[in-house]
Structures are given as structure tokens and as C-alpha cells.
Amino acid sequence: MQFLPEAPELLGAIAALLDEQVLPVVPGDVQHQVRVATHLASLLEREARLGAESARSERELIAVLLGVDAEDPAAALDERLRAGADDEFAARAWEALVEITRADLAICKPGHDSWEGA
């Protein structure tokens, strides 16, 4: 049986290769481009690994909050909040939005998803 790596593993390998093998040996004027490519490969790896679950969780959180599964959950939540939602709904929306944002940050800016502010 042949091992067929999946996208997250391939992207992780590309990022590691660029960071560990290519970056140290390229001329200084090219290093920034290699760092950008490494960052993009890492970001795509996290998106491939975490993105589908993050999107599913976001849709579910908003559906529970609104009490319906809207065609465009984010737009439906935006509309409800802009219409002047009551304080209790706004507090629950805040909690859901913090959870959604943490999931997004885990993909695009790991480490920033652990913020504990108000």
C-alpha cells in the first residue's frame, strides 16, 4: 500500500523545507520572499487542517444563537445586531463571536487565539 500524504502534511513539509533548508542559504535580498512563502505555506497548512471544522463550528454557533440555520449565518447575525438586539442577545453574540474569532486566529495568527481580555 502506497502512502499518499494529504494537503496539510505536504504544506507543512514545504514550510519546513523553506524555513530550515532554503532560508539559511539564499542571498539576503531574497530572504524576505522566502519568509513570506514559508508563512503562506504554514497558513495554508493550518487552513487545510482546521478550516472545515472552524466553518462548521461558526455556522453551528450562529444557528444556535439565532435559533435558525440561515443561508448566510454571518449576514443574518450582522442584521440582527444592527437592528438593535437586546442586551441578553448581544452578550450571547459576544461570546459566540469571541469563540469564532479564536478559531480564525488559530488558523491565521497562532498564539493570538489565547487572548483573555474583556
Inset, instruction - Mind jotting down a quarter of the surface of the convex hull over the alpha carbons of segment 60-103, in square nanometres, one decimal? - result: 2.9
Inset, instruction - Using the number of other C-beta atoms within 10 angstrom as an exposure proxy, rank F3, F89 with the fewest first. - result: F3, F89
Legend entry - segment 1-16-segment 50-118 distance, computed between alpha-carbon centres (Å): 31
Inset, instruction - Would you work out which of V25, L77, S42 lies farthest towards the positive end of the dipole of segment 1-113? Charges go on Cβ: Lys and Arg +1, Asp and Glu -1. - result: V25
Legend entry - Cβ-derived FRET efficiency at R0 41 Å, R56 paired with A85, nearest 0.05: 0.95
Legend entry - Helix axis angle, 73-82 relative to the chain longest principal axis, alpha carbon, degrees: 50
Legend entry - Potential extension, E20-V98 segment - 0.36 nm per residue separation minus Cα distance: 24.6 nm
Inset, instruction - Could you size up the charge dipole of the chain around its Cα centre, putting +1 on the beta carbon of Lys and Arg and -1 on that of Asp and Glu, and report it in debye to the nearest 20? - result: 320
Inset, instruction - Mind jotting down a quarter of the surface of the convex hull over the alpha carbons of segment 7-114, in square nanometres, one decimal? - result: 8.8
Legend entry - With Cα atoms, 0 to 90° folded angle of helix 7-17 axis to the chain main axis: 50
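We did not get these values from a lab; they are worked out from the coordinates using the rules stated. What you are looking at is a predicted structure, and each value in this text was computed from that prediction instead of being measured. Note that each Cβ is placed from the backbone with ideal geometry, even for glycine, and that neighbours are counted across all protein chains shown.
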